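Asker: Here you go, one structure.
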Amino acid sequence: MSDEHDEHDEHDKHDRSAADIPADAPPEANALSADQPFYEYWNQRAFLRWMGARISASADGHATCTFEPGDHHRGAGVGGRAVTGAVQAYIFDIVTGAAVASLADGRRPQVTVSLDVTFEHPAYDAPLTFEASVQGGGKQLFFVEGVCHDVNGRVTSRARAIYRRFEKRLLAPPDAAGAPEIGE
């Protein structure tokens with residue numbers, strides 16, 4: 001029992017430290033260390049922390065993301081208790097992306113080309129587990145399938161995604177600050 005308790009304490013300690021990193025923190029606060037799996041870096045990023053999802057594994061074209069929804073994630077199904085489709089789609093985008101990123105240890109930039117989600121059963125019973133696996137692809141395009149299970153093992157939704165991976169990161173457009181207002 002105490003080993004289980006210690007494991008939960010360690011997990012909670014890790015969650016608090018990731019959540020304490022402000023979204024506008026300098027890049028070094030979120031830097032990926034050489035011995036850290038890339039998905040731990042993703043877990044520290046605002047796009048994951050904001051949603052409340054957590055990637056628990058990602059390697060060899062497979063990824064798993066756990067999600068404990070709050071009241072603000074619900075609003076679908078009978079009585080508005082089910083997790084909304086928009087929330088599930090957002091998490092599918094994360095977990096399918098993590099599956100692709102795992103093929104290059106998170107070191108190659110990629111974008112979602114398409115994401116198709118099919119809903120099979122209201123997602124009432126949490127936590128939800130999202131899993132994704134790369135099904136095929138080549139140098140630039142990757143085809144991924146995902147599934148979401150509730151705590152009872154029931155499939156609530158499925159996803160298919162296509163990703164494009166790049167050799168190097170594209171430069172961001174120049175800052176628009178100081179640009180003339182439209183109509184000036």
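Asker: Mind giving me the nanometre distance, one decimal, between the label points for Phe47 and Lys168, set 7 Å out from Cα along Cα→Cβ?
Answerer: The modelled label-to-label distance comes out at 2.2 nm.
Asker: Ranked highest first by average number of other Cβ atoms within 10 Å, how do 58-68, 95-105 line up? Intermediate results must be reported in sequence, preceding the final value.
Answerer: Details: 58-68: 19.4, 95-105: 23.1.
Ranked by mean Cβ neighbours within 10 Å, highest first: 95-105, 58-68.
Asker: Once phi is turned into θ = phi - 60°, what whole-Hz ³J(HN,Hα) does the Karplus curve with 6.51, -1.76 and 1.60 give for every residue of region 106-113, x standing for Gly and Pro?
Answerer: Along region 106-113, the couplings run x, 9, 10, x, 8, 9, 7, 8 Hz.
Asker: Okay, next question. What order, most packed first, do the peptides 75-86, 161-172, 117-128 have when packing is the mean number of other Cβ atoms within 10 Å of each residue?
Answerer: Working: 75-86: 15.7, 161-172: 12.7, 117-128: 17.4.
Final packing ranking: 117-128, 75-86, 161-172.
Asker: Extension gain Asp71-Ala57, at 0.36 nm per residue separation less the Cα-Cα distance, in nm? Spell out each step's value before the answer.
Answerer: Details: separation 14, 0.36 × 14 = 5.04 nm, distance 2.57 nm.
2.5 nm is the gain from fully extending Asp71 to Ala57.
Asker: Once label points are set 7 Å from the Cα along Cα→Cβ at both Val78 and Glu120, what is their separation, rounded to one decimal in nm?
Answerer: With each label placed 7 Å out from Cα toward Cβ, I get 2.0 nm.
Asker: Averaging sequence separations of C-alpha pairs under 8 Å and six or more residues apart, then dividing by the length of region 37-165, give the relative contact order as a whole percent. Intermediate values should be presented prior to the final figure.
Answerer: Numbers: 295 pairs, mean separation 31.8, N = 129.
Over region 37-165, the number comes to 25 percent.
Asker: Whole angstrom only: what separates the Cα centroid of region 58-103 from the Cα centroid of region 130-146?
Answerer: Region 58-103 and region 130-146 have Cα centres spaced 16 Å from each other.
Asker: Relative to the Cα centre, what is the charge dipole magnitude of region 37-165, using +1 at the beta carbon of each Lys and Arg, -1 at the beta carbon of each Asp and Glu, and rounding to the nearest 20 debye?
Answerer: Details: 13 positive and 12 negative charges, 87 e Å.
In total the dipole reaches around 420 debye.
Asker: Compare the Cα positions of Gln88, Val155, Gln110 along the charge dipole of region 37-165 (+1 at Cβ of Lys, Arg; -1 at Cβ of Asp, Glu; about the Cα centre) and return the one farthest towards the positive end.
Answerer: Working it through, the farthest residue towards the positive pole turns out to be Gln110.
Just so you know, all these numbers are worked out from the coordinates, no wet-lab data involved. Fair warning: this is a prediction, and the values are worked out from it, not measured in the lab. Cβ sites come from the backbone with ideal geometry, for glycine too, and all protein chains shown count toward neighbours.
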